[in-house]
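Trainee: Below is the structure I would like to discuss, written out as structure tokens.
Here, each number is a calculation from the coordinates, and none is a lab measurement. The structure presented is a predicted model; accordingly, all values stated were derived computationally and were not measured.
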Amino acid sequence: MKEKDLRRSLSVLPIGTVMKLTSLTARQIRYYEEQGLVFPERNDGNRRMYSLNDIDVILEIKDYLDEGLNISKIQDIYKKRKETNEQNGTSKELSDQEARKILSDELLNIGGLNSKDAENNSF
DNA sequence: GTTCTCACA
DNA sequence: TGTGAGAA
């Protein structure tokens with residue numbers, strides 16, 4: 001389903017929508033971008049346009065924050081996740097399950113949570 | 001009305 | 001991280 005993946009990567013959401021969807025302030029959302037956690041496009045004017053993909057990432061960031069991680073650690077996690085993605089030469093795209101596996105693994109490493117806890121979403 | 005940047009507490 | 005100022 002690449003079509004779906006493309007669609008979810010289309011940045012069409014203004015920060016206001018993201019705020020509602022993530023329950024975060026514009027300040028935080030912009031800050032996370034500054035920290036290289038999300039990469040919104042800058043289409044019209046100078047406005048950030050977020051994709052559904054970004055929403056997902058931000059939601060995950062929020063989750064990590066809830067686990068008591070700081071931005072620096074989250075940056076590290078995402079960096080590692082990206083590396084793992086590229087490292088998988090067999091398939092260009094990693095399945096959602098794989099990505100979540102990696103994330104959960106990271107959570108286990110620092111939070112010491114149960115795998116079952118790490119797998120479910122907060123939403 | 002909404003978002004942007006910069007700066008200060 | 002919140003908030004306010006000034007501009008687009």
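Trainee: Using amide H atoms built in the peptide plane, which far-off residues or other-chain residues are under 5 Å from residue A:10 H to H?
Mentor: HN-HN under 5 Å from residue A:10: A:52.
Trainee: Figure the gain on full extension for residue A:28 and residue A:7 (residue separation times 0.36 nm, minus the Cα-Cα span) and round it to one decimal in nm.
Mentor: Numbers: separation 21, 0.36 × 21 = 7.56 nm, distance 2.50 nm.
That pair, residue A:28 and residue A:7, stretches by 5.1 nm at full extension.
Trainee: Please list, in chain and number order, the residues 5+ apart from residue A:38 or on another chain whose amide H is under 5 Å from its amide H, with Hs placed from the backbone.
Mentor: Residues meeting the amide H criterion: A:33.
Trainee: Hey, another quick one. Determine ³J(HN,Hα), in whole Hz, for all residues of the stretch A:70-78 in sequence, where each value follows from phi through the Karplus function 6.51 cos²θ - 1.76 cosθ + 1.60 and θ = phi - 60°; x replaces Gly and Pro.
Mentor: 9, 3, 4, 5, 4, 4, 4, 4, 5
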